[in-house]
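Bear in mind that the values in this text are calculations on the coordinates, not laboratory data. This structure is a prediction, so every number in the text was calculated from the model and none was measured. Every residue, glycine among them, receives a Cβ derived from its backbone with ideal geometry; neighbour counts consider all protein chains shown.
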Amino acid sequence: MKVLIHNSAELAQQAVADILSNRIAASPASVLGLATGGTMEAVYDRLILALSESGVPVEEVKTFNLDEYWGLAPDHPATYRSYMNSRLFGRAGFPVGRTFLPASDAADPVAESAAYEAKIRDAGGIDLQLLGIGQNGHIGFNEPTSSLASRTRLKTLTESTRMANQQYFDGQEATPKYAITMGIGTILDARDCLLLATGSNKADAVRKMIEGPLGAHCPASALQLHPKATVVLDAAAATDLTLREYYQYVHPDGIDVQPSHG
Ligand code: PGA
């Protein structure tokens, strides 16, 4: 796992936006896995700027989001479809027909999940999967004890996840109980994984993900199995890492330099 520690959240967000925009510039027909949540709001603002400043075309990009609440009307303002349309797709000019999320009103979530897996397969798989992490170590909505081999399916959200997300709803009672999420196995199939965590409230989950034992109690620890996972952190999210000085020695200021000898 490549661990890049930046001095501030702003620098970490910019680094992730730059990786995404450079990836699209290098491969305009990239298949990107995208994420939502508070952490990604500033990333998408910065990505939109980076894309427009360097004139990177996005018409050929295909996107698959990690997850979507289940049991909400599609036009509900708190669906992840609404989030993505208003925060990224509409503003950056991504053709909405090439952007995919599970349907929040799917009548048959089992069929919807299988269809979502098939769409990812038909697109040739995901080149780069963007990820956040929950305070309980979830990636997507793969809550603790999710199978490390899981595929897209309906998951029941934990109370702690519903509490963290109630700010987007009219109180916890109105916060959805279910979501359709890519599985951990689905995420691990992406050719690259890129996880961003900022803030001290993520420090414990970040330590368990990077240094803790691999296990279903911390779903993000499954990234230890991925051959090309990059974790971008701010200093606050990195505070609990036992080997923090080593990561900073390898990549000073979070800069992804390649080693050279001589
Ligand atoms: P957050 O959510 O960015 O709102 O903290 C991240 C997550 O739950 O994956």
- prompt: Among Lys119, Lys208, Lys62, which one shows the biggest mean-square fluctuation in a GNM of the chain, springs joining Cα atoms closer than 10 Å?
  reply: Lys119
- request: Consider just the alpha-carbon atoms of segment 2-254 and return their Rg together with their Dmax, both in angstrom.
  value: 17.0, 51
task: Please report, in whole Å, how far the alpha carbons of segment 113-163 spread along each principal axis, starting with the longest.
output: 35, 21, 19
message: Starting from the 7 Å offset along Cα-to-Cβ, what nm value, one decimal, do you get for the label separation of Thr145 and Tyr249?
response: 4.0 nm
message: Using only the alpha-carbon atoms, what does segment 1-67 span along each of its principal axes? Please give whole angstrom values in decreasing order.
response: 33, 29, 24
query: Could you give the distance between the Cα centres of segment 98-129 and segment 135-204, to the whole Å?
result: 17 Å
task: Grab the other residues whose beta carbon is less than 11 angstrom from that of His217, score K and R as +1, D and E as -1, and report the net.
output: 0
message: Quick check on segment 95-218: what are the equivalent-ellipsoid semi-axes from the Cα gyration tensor, as sqrt(5λ), descending, whole Å?
response: 23, 20, 14
query: Once phi is turned into θ = phi - 60°, what whole-Hz ³J(HN,Hα) does the Karplus curve with 6.51, -1.76 and 1.60 give for every residue of segment 193-210, x standing for Gly and Pro?
result: 10, 9, 10, 10, 9, 10, x, 5, 6, 9, 4, 5, 4, 5, 4, 5, 5, 8
message: Rounded to two decimals, what is the ratio between the C-alpha radius of gyration of segment 1-126 and 2.2 N^0.38 Å?
response: 1.09
field: Alpha-carbon centroid distance for the pair segment 72-86 / segment 3-21, whole angstrom
entry: 26 Å
query: What FRET efficiency do you get for Ala107 and Ala25 if R0 is 41 Å and r is their Cβ-Cβ distance, rounded to the nearest 0.05?
result: 0.55
- request: Taking a cut-off of 16 Å between Cα atoms, list the lysines near Lys155, but don't count ones fewer than 8 places away on the same chain.
  value: Lys177
